[in-house]
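Taking it in order: structure first as structure tokens, then the write-up.
The values are calculated or read from the model by the stated rules, or taken from the named source; none is laboratory data. Quick caveat, the model's predicted, so the values are computed rather than measured. Reconstructed Cβ throughout: ideal geometry from the backbone, glycine too, with neighbour counts over all protein chains shown. When the accessible area is computed, the model is the full protein with side chains, heavy atoms only, and any ligands, DNA or RNA have been set aside. Shrake-Rupley method; radii C 1.70, N 1.55, O 1.52, S 1.80 Å.
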Amino acid sequence: MTFFFQMLITGVVVGSIYALVALGFVLIYKASDALNFANGEFVLIGSYICLMLVTIYKIPFVIAFILTLVFNALLGMAVERVVLRPLINAPVISVIMATIGLSSLLAGVVHMIWGHQTKSFPPIFSSELIQFWGIIISPVYLWSFFIVLFLLGVFTIFFKKSKMGLAMRAVADDQMAALSMGISVKSVYAITWGIAALVAAVGGVLLGNINGVDASMATIGLTVLPVVILGGLDSIPGAIVGGFIIGILQSLSVGYLQPILGGGIKEVIPFIVVIIILMIKPYGLFGKGGIERV
């Protein structure tokens, strides 16, 4: 049971980061009905920017973290303005292809600037392990978990209570009705992309502190895709629940199935779960089924 709870806690921590990154996926989908396949690159860029500020410019981690969030948010808004805004009236497939191209472009830029070698953050959190009931937890896992929970709570309140949050929900429900009420859809799009890039940066910095930073971190974009499909592409609570489910299942599969089936099960298990769930609930656990008149 000790081993089970060890794997469970690891899954909860990683799953919480998945949930935060998945939030950016859901926001963009709700606003534009398109998936952002460059999300993994936003995660990667955020981790490298923070690492550079801490290691090269010797900026304290907290300040570097805040500057990274500001940079990524501005980058997301710039991408929306330059790449996506000209495609507002274009077919959804055009937007999706644009994000795929953007993913390749950003990945190439990252490789040119920072290379391919794995880099590590200097010790930010205490290295003294915490132990209770026979379960050993690294402080970086606890800090990551509480930071993610705090941010998820902040964003939940933002979407439900703030004027901009209400405007984003209105645009997601009906763009024409939102326009008729005086809501600037373009501004909502820009802020949506900014928030999506910001939460991606948070995930990148936290994962970088846990596992180090290298180009493979961008694959979290593909890992989070099953998360949002599982929870429902248009559901923020679904992204949160789906993140925890996928994180826990990945951790348990590494602990119990990988010794039997070999490596790679961690990457495969999310897609197996999604296929099973979609056979039962085609719109995901919390997604809303659409009805179209044809």
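Can you pull the Kirkwood radius for the chain, inverse mean 1/r over Cα pairs, to one decimal in Å? If you can, show how the numbers build up before the last one.
Values: mean 1/r = 0.0507 Å⁻¹.
For the chain, the Kirkwood estimate is 19.7 Å.
Which of rounded, prolate, oblate describes region 136-294, given a ≥ b ≥ c as roots of the alpha-carbon gyration tensor eigenvalues and a/c under 1.5 marking rounded, otherwise prolate only if a/b is larger than b/c?
Working: a/c = 2.45, a/b = 1.47, b/c = 1.66.
Judged from the Cα gyration tensor, region 136-294 comes out oblate (a/c at least 1.5, b/c at or above a/b).
Calculate, for region 33-97, the solvent-accessible area per residue in square angstrom, rolling a 1.4 angstrom probe over the heavy atoms of the protein chains. It would help to have the intermediate numbers written out before the result.
Working: 3070 Å² over 65 residues.
In whole numbers, region 33-97 has 47 Å² accessible per residue.
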Check: Hey, can you rank 125-133, 254-262, 34-42, 138-146 by average C-beta count inside 10 Å, highest first?
Finding: 34-42, 138-146, 254-262, 125-133
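How would Phe121, Phe244 line up by accessible area, probe 1.4 Å, largest first? Could the numbers behind the result be given before it?
Numbers: Phe121 25, Phe244 45 Å².
Listed by decreasing accessible area, they come as Phe244, Phe121.
Determine the relative contact order of region 197-249: mean sequence separation of Cα pairs under 8 Å and six or more apart, normalised by residue count, in whole percent. List each step's numbers first, then the result.
On the way: 23 pairs, mean separation 10.8, N = 53.
Computed value for region 197-249: 20 percent relative contact order.
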Checklist line | Peptide ranges 200-206, 213-219 listed from the most packed, as the mean C-beta count within 10 angstrom indicates | finding: 200-206, 213-219
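Let me have the 222 nm mean residue ellipticity of the chain computed from DSSP H runs of 4+ only, each contributing -39500 (n - 2.57), with the sum over all residues rounded to the nearest 500. Don't skip to the answer; put the middle values down first.
Numbers: 12 runs with 206 residues, N = 294.
When only DSSP H runs of four or more count, the value is -23500 deg cm²/dmol.
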Next item on the list: Report, to the nearest whole %, how much of the accessible area of region 182-277 belongs to carbon and sulfur atoms, 1.4 Å probe, protein only.
Entry: 72 percent
Next item on the list: Would you count, across the chain, every pair of lysines whose alpha carbons are under 27 angstrom apart, provided the pair is eight or more residues apart or spans two chains?
Entry: 17
Note to self: Given an 8 Å cut-off on Cα distances and at least 6 residues of separation, report the relative contact order of the chain as a percent.
What the structure shows: 37 percent
Check: Leaving out ligands, DNA and RNA, what percent of the accessible area of region 58-105 is carbon and sulfur, probe 1.4 Å?
Finding: 78 percent
